[in-house]
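Just dropping this structure here.
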Amino acid sequence: MTFARVLFTSLIVPLIAATYAAAASDPVPLSSCGVVGSGTYYLESDLDCSGAPGGAIEFIDRGRIELRGFTITGDSAQSAVRCQKRCDVVGPGVLDGAGVELAAVATIDGITIRNAYVAVDAENVDSGRGTARITNSIFVDNEFGVLVSRYARLIDSSVTGSQRDGVWANGYVRKGPSGPCRGRIVLENSDISGNGLAGDVCGSHDRPCVDVASCKPPVLDALSSCERSFRFGSIEESWGVCTLD
């Protein structure tokens, strides 16, 4: 192979590969509801998926959706964004009438979720993988706020007006329901209050609905607050970390 050909190959082939990689990761505008597979998508206008079967936007593989100031309207009995693997939901923007459902890990940033049955559903109790990292977001007037099996971390966010629990972490890692309960909640500059409006009707033992309910003690920094907590594995015991415990 001549020097010129070697030089051409060493310069042009990486450039072509980089071009294809960039093209593959470029965000794609989204104007319809349904299964999108994987990749990065963004809204150019409001999207009404209230009549879409099975959820508004569904990622089969890892995905990302950028709302860019727009609203996805969904059906409260379903989810607005459904993720079978890791996904990112990025604002600013609103999910109205339905929330986010995930099987593993989600990052949610700058999103308002309202009037949903569950704002963020990462329950997935059997595998214990459900993890949500929520930043700069507001969840208001939902039936449930955040449900995770393993770990919920809220930063600069608020959950209020939930009929049942505001943030719920009650998952079993590795051994299924017979294994240890590992659900954890961490709050940083976040307010979880004014939830549990349904009263003493949460859970199979008619326990009270609260702001934070978890297997492990919730961790709150000095700028975070909650009103009532519940300790899974007890009958009526709180964690003693909220103002009304």
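The values are calculated or read from the model by the stated rules, or taken from the named source; none is laboratory data. Computed from a prediction, not measured in an experiment: that's the story for all the values here. For neighbour counting, all protein chains shown are included, and Cβ atoms are generated from backbone atoms with ideal geometry for every residue, glycine included.
Taking Ser162 as meeting all but one of (1) at pLDDT below 95; (2) among the hydroxyl-bearing types (Ser, Thr, Tyr); (3) buried (at least 19 other Cβ atoms within 10 Å of the Cβ), write down the number of the exception.
Tallying (1) at pLDDT below 95; (2) among the hydroxyl-bearing types (Ser, Thr, Tyr); (3) buried (at least 19 other Cβ atoms within 10 Å of the Cβ), Ser162 fails exactly one: (1).
Would you check if Ala52 is farther than 25 Å from Ala169 by Cα, buried (at least 19 other Cβ atoms within 10 Å of the Cβ) and in contact with a Cys (Cβ under 9 Å, 6 or more places away or on another chain)?
Details: farther than 25 Å from Ala169 by Cα: yes; buried (at least 19 other Cβ atoms within 10 Å of the Cβ): yes; in contact with a Cys (Cβ under 9 Å, 6 or more places away or on another chain): yes.
Yes.
Please go through region 125-137 and pick out each residue that is in a loop (DSSP other than H, G, I, E, B), surrounded by fewer than 22 Cβ atoms within 10 Å (Cβ to Cβ) and either in contact with a Pro (Cβ under 9 Å, 6 or more places away or on another chain) or modelled with pLDDT of 80 or more (or both). Write out each step before concluding.
Start the filter on region 125-137 by keeping residues that are in a loop (DSSP other than H, G, I, E, B), which leaves 125-130, 136-137.
Next, from what is left, pick out any that are surrounded by fewer than 22 Cβ atoms within 10 Å (Cβ to Cβ): 125-127, 129, 136.
If the condition is that a residue be in a loop (DSSP other than H, G, I, E, B), surrounded by fewer than 22 Cβ atoms within 10 Å (Cβ to Cβ) and either in contact with a Pro (Cβ under 9 Å, 6 or more places away or on another chain) or modelled with pLDDT of 80 or more (or both), then Val125, Asp126, Asn136 are the ones that fit.
With the requirement that a residue be within 20 Å of Ile111 (Cβ to Cβ) and out of contact with any Asp or Glu (no Cβ under 8 Å at 6 or more places or on another chain), what does region 34-53 give you?
Gly39, Glu44, Ser45, Asp46, Leu47, Asp48
Tell me which residues, restricted to region 102-124, are over 17 Å from Gly69 (Cα atoms) and either aliphatic (A, V, I, L, M) or surrounded by 24 or more Cβ atoms within 10 Å (Cβ to Cβ) (or both).
Just the residues of region 102-124 that are over 17 Å from Gly69 (Cα atoms), to begin with: 102-107, 115-124.
Selection gives Leu102, Ala103, Ala104, Val105, Ala106, Ala116, Val118, Ala119, Val120, Ala122.
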